[in-house]
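Written out below as structure tokens is the structure these notes cover.
The values are calculated or read from the model by the stated rules, or taken from the named source; none is laboratory data. It should be emphasised that the depicted structure is a prediction, and the values quoted were computed from it without experimental measurement. No Cβ is skipped: glycine too gets one built from the backbone with ideal geometry, and neighbour counts run over all protein chains shown. Keep in mind that these areas ignore ligands, DNA and RNA; they rest on the heavy atoms of the full protein, side chains included. Shrake-Rupley method; radii C 1.70, N 1.55, O 1.52, S 1.80 Å.
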Amino acid sequence: MLELAALTKRFGARTLLDGVSLRVDPGARIGLVGRNGEGKTTLLKVIAGVESYDEGRVTLQKGVRTGYLRQEIDATATHSILEEASRAQAHLRALEQELRRLEREIADQGASGSDPDAALSERYAKVQREFEVGGGFEADVVLHSTLTGLGLGPDAWDRPLCELSGGWLMRVELAKLLLARPEILLLDEPTNHLDLASIEWFEGVLRDYEGAVIVVSHDRSFLDRQANTIAELEQGRLSSYRGNYTAYESQRERRLEEADARRQTLQRQIEHAARFVERFGAKATKATQAESRKKQIARWEAERDALPQEQKRRSIRLRFPEAPRSGDVVLRLEGIEKSYGTRQIYDALDLEIRRGERIALVGPNGAGKTTLLRIIAGALDFDRGTRELGHNVRLAYFAQHQVEALDEARTVLEEIEADAPLDWVPRLRNLLGSFLFSGEDVTKRVSVLSGGERARLALAKLLLRGANFLVLDEPTNHLDIPAIDVITRALVSFGGTMLVISHDRHFINQITNRVLEVQPATESVRHFAEIHPYSGNYEDFLRERDQRAGAVGGRRGSASQRRAPAAAPPSAGTATRSRDGGAARADAQNGAERFDPRAGSIAATDSSGRGSRKARVSKNALRKLRETSEEIQRSIIDLETERDHIDQLLFHPDVVRDGDRLRSLTEDRSSLEEQLSELYEQWEELEASLEDSSAAPG
């Protein structure tokens, strides 16, 4: 369908695309990945024909159409959403008008007593076939269902475009693209402006789509579910990997390891040959051999320099300023009422957030999620009720306006110094390095930073403030996957309470242990938005929601069904996690002992589980700690063995061709990685406590 051959694109002195080649066959699902600024959007534009290129060839099969998702709707237009979306079906409307005209001509000939003209009948049959194959008979149904699936229901169809935000205009543009049904879909971050329900609907549409899809996305879950090929653009070169994103990560790691081993071999050969040239180059009897070695060195150096190499970045474990411990109740809302004009969003809403909860706020756009989040953050007034922060709560709120509030005249380093505690000033460069600002990046002015770089800087500032309650509104917007991984690691290590809105399912799966679903007000069912709580992360929420709704044969659980229970608040006293991810808890009966790895000691507990006294570590207690540490190490070995076995299966041709099995294995691997991450952390804490206890005087 489409072939790119040795494609090169330059911007000034910079070569953005360097000899890129790619073949797109029918049914391909290609995820285009790479760091921000590598040229992914430029490559899509070149394929779409809206951007030129300097060298190479783009070959598109005759009759194949490309459809590129871009923002081209006039935001000042006064015509309706329905009218704008139906323009994508203009060819079907034209065919329908042609059919009506031909029918009238045939009817006129019949009324005059003559037989229909053969050419006229043939023309009518041809137009009718074209109309039917193009989906003309169900065009209105498809139009309405597409808009509704993207969150633009019947109540929005008559709204003029000039009333819509950029995100809603992008949904209209996406609807037009899907309705046009091109043979190749070119999608640039299509899920950025979709809520979680719309993303699920969109994924279903793509699964049934007969054409090929090339998509730029930083949504790992989306790529795992949709892609059968990952094309990575790095330093101008494109590398393709079979399978979804999880399979790509494994293959890429292995490929880099093999390349590194080959690089070391080549370097040894180059050094050996160079010593021969240096030693014998001046001797007439060895001149021919020396010249041959020089040519061989040049070939080896060319091969070495062409090998893929990981972009080196510092990787440190983030430890942020310790925040004071808050009370058990972090926030309480009672009787909250909130209206916008005549539209009432909440009525008599009660909500309590407790210490240690890490909550994802989910629901369709317009349901009231952001309103609730801003009320909780203290950034939005309400009409009636009370909002009470708990004892010793320090709240930090992240939203788009924090990004916009950065001082553009400062450098990156100066901007973070403005909020940093004094004892953190010497370590700020290391901190910025962990947020992907390295070397000269820290001297950049804020005014020249991209949207993603600004978001990373704002988040780094936020996490330095010593807050124990984070309220985050779409913290991963505009971030590429490496940057999202950095933020995820930082938030996983955060010891306080958290409330977050995000459309990145992988992200909220990693950091949350509770879900609050906001169900919007509806005229027929409820007059106000309602909040429904669920335990666990997003996958747990989906499974429980489907069970509540009586879904039969719904979502597969494989990995998620083995998922560990949601992490308990710190006061719960979790000791270790067993092989299946369940908590191995010490007996908390009256007078029982409980090991606290952070305290490095045995604390006596009363029946409520609270520590009542501290005791010196006994030899018996140390023995128990060592046994627990050894048990965790054995569990780690078992899980790593299982993970390695899955990695081998992911490369098997039969598995690569079996989409369901590939998804099942990648889900299993993801679950194993999560369990391993927990076990590593517990093992490190136990080992640190053992070391401290052994060194303490007896």
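Set the Förster distance to 22 Å, then compute FRET efficiency between His527 and Arg387 from the Cβ-Cβ distance, nearest 0.05.
On the way: r = 22 Å, r/R0 = 1.02.
Between His527 and Arg387 the formula returns 0.50.
What does the net charge come to around Lys444 if you take all other residues with beta carbon closer than 15 Å to its beta carbon, with K and R at +1 and D and E at -1?
Working: positive: Arg410, Arg429, Arg445, Arg454, Arg456; negative: Asp407, Glu408, Glu414, Glu415, Glu417, Glu440, Asp441, Glu453.
Counting the neighbours of Lys444, the net charge comes to -3.
When the accessible area of segment 315-438 is split by element with a 1.4 Å probe, what percent falls to carbon and sulfur? Please list the in-between numbers first.
Working: 2710 of 6150 Å².
C and S atoms contribute 44 percent here.
Could you give the length gained on full extension between Glu210 and Ser80, defined as 0.36 nm per residue of separation minus the Cα-Cα distance, in nm? Could the numbers behind the result be given before it?
Details: separation 130, 0.36 × 130 = 46.80 nm, distance 2.94 nm.
Result: 43.9 nm gained on full extension.
To the nearest 10 square angstrom, what accessible area does Thr15 show with a 1.4 Å probe?
Solvent-accessible area, nearest 10 Å²: 50 Å².
With labels modelled as points extended 7 Å from the Cα through the Cβ direction, what inter-label distance (nm, one decimal) is found for Arg70 paired with Val133?
Here the answer is 2.9 nm between the modelled labels.
Give the ranking of Thr411, Thr76 by solvent-accessible surface, highest area first, calculated with a 1.4 Å probe.
Numbers: Thr411 20, Thr76 100 Å².
Accessible-area ranking of Thr411, Thr76, largest first: Thr76, Thr411.
Where only protein heavy atoms count, and the probe is 1.4 Å, what is the accessible area per residue for segment 426-551 in Å²? Please report the intermediate quantities before stating the final value.
On the way: 4550 Å² over 126 residues.
The answer is 36 Å² per residue.
From zero up to wherever the largest Cα-Cα distance of segment 134-175 sits, split into 10 Å bins and tell me the percent of pairs in each.
All Cα pairs considered, the percentages come to 28, 52, 18, 2.
For every other residue with a beta carbon closer than 12 angstrom to the beta carbon of Leu17, add +1 if it is Lys or Arg and -1 if Asp or Glu, then tell me the sum.
Numbers: positive: Lys9, Arg10, Arg14, Lys40, Lys45, Arg237; negative: Asp18, Glu38, Glu51, Asp54, Glu55, Glu234.
That sum, taken over residues with Cβ under 12 Å, equals 0.
How big is the accessible area of Asp117 in square angstrom, nearest 10, if you roll a 1.4 angstrom probe over the protein chains?
70 Å²
Straight distance only, please: which aspartates and glutamates reach the Cα of Lys624 with their own Cα at less than 19 Å, same-chain residues fewer than 8 apart left out?
Asp587, Glu593, Asp596, Glu681, Glu684, Glu685, Glu687, Glu691, Asp692
Given the convex hull of the Cα atoms of segment 1-105, what is a quarter of its surface area in nm²? Each step should come with its number before you reach the end.
Details: hull surface 43.1 nm².
For segment 1-105, averaging the hull's shadow over all directions gives 10.8 nm².
Could you give me the ³J(HN,Hα) list for segment 412-417, computed from phi with Karplus coefficients 6.51, -1.76, 1.60 and θ = phi - 60°, whole Hz, x at Gly and Pro?
Values per residue, Gly and Pro as x: 4, 5, 5, 5, 7, 4 Hz.
Please work out how much accessible surface Glu417 shows to a 1.4 Å probe, ignoring ligands, DNA and RNA, in Å² rounded to 10.
Glu417 has an accessible surface of roughly 80 Å² with all protein chains in place.
Using the per-residue mean of other Cβ atoms lying within 10 Å as a proxy for protection, in what order, highest first, do the peptides 236-247, 387-398 fall? Numbers along the way, then the final one.
Numbers: 236-247: 20.0, 387-398: 17.2.
Highest-to-lowest ranking by the protection proxy: 236-247, 387-398.
Between beta-carbons, use under 13 Å as the cut-off and find the net charge around Arg159, counting Lys and Arg +1, Asp and Glu -1.
Details: positive: Arg171; negative: Glu83, Glu84, Asp155, Asp158, Glu163.
With Lys, Arg at +1 and Asp, Glu at -1, the net is -4.
If I model a spin label as a point 7 Å beyond the Cα along the Cα-Cβ vector, how far apart are those points for Arg159 and Ser145 in nm?
Computed distance between label sites Arg159 and Ser145 equals 2.3 nm.
Between Arg661 and Gln109, how many nm apart are label points set 7 Å from Cα along the C-beta direction?
5.8 nm
Over the Cα atoms of segment 132-227, how large are the radius of gyration and the largest Cα-Cα distance (Dmax), in Å?
That works out to 13.5, 38 Å for Rg and Dmax.
For segment 362-468, count all C-alpha to C-alpha pairs, find those more than 21 Å apart, and express that count as a whole percent of the total.
Numbers: 2603 of 5671 pairs.
So the pairs more than 21 Å apart make up 46 percent of the total in segment 362-468.
How many percent of the accessible area of segment 130-245 is carbon or sulfur, using a 1.4 Å probe?
Working: 2090 of 4320 Å².
The computed percentage sits at 48.
Once amide H atoms are built 1.01 Å from N in the peptide plane, which residues 5 or more positions from Leu238, or in another chain, come under 5 Å H to H?
Under 5 Å from the amide H of Leu238 lie the amide H atoms of Ser21, each far enough along the sequence or on another chain.
Which residues' amide hydrogens lie under 5 Å from the amide hydrogen of Glu55, considering only partners 5 or more residues apart or on another chain, with H built in the peptide plane?
Thr8
Give a residue-ordered list of calculated ³J(HN,Hα) values for segment 17-27 (Karplus: 6.51 cos²θ - 1.76 cosθ + 1.60, θ = phi - 60°; whole Hz; x for Gly, Pro).
10, 10, x, 6, 10, 7, 10, 10, 9, x, x
Which length gain, in nm to one decimal place, applies between Val50 and Gln269 when the Cα-Cα distance is subtracted from 0.36 nm times their residue separation?
On the way: separation 219, 0.36 × 219 = 78.84 nm, distance 4.69 nm.
Stretched fully, the Val50-Gln269 segment lengthens by 74.1 nm.
For segment 436-521, just say rounded, prolate or oblate: build the C-alpha gyration tensor, square-root its eigenvalues into a ≥ b ≥ c, call rounded for a/c under 1.5, and beyond that prolate if a/b exceeds b/c, oblate if not.
Numbers: a/c = 2.08, a/b = 1.71, b/c = 1.21.
Cα axes put segment 436-521 in the prolate bin.
Give, in nm to one decimal, the length gained when the segment between Ala409 and Thr41 is fully stretched (0.36 nm per residue of separation minus the Cα-Cα distance).
On the way: separation 368, 0.36 × 368 = 132.48 nm, distance 2.90 nm.
Difference between extended and current length: 129.6 nm.
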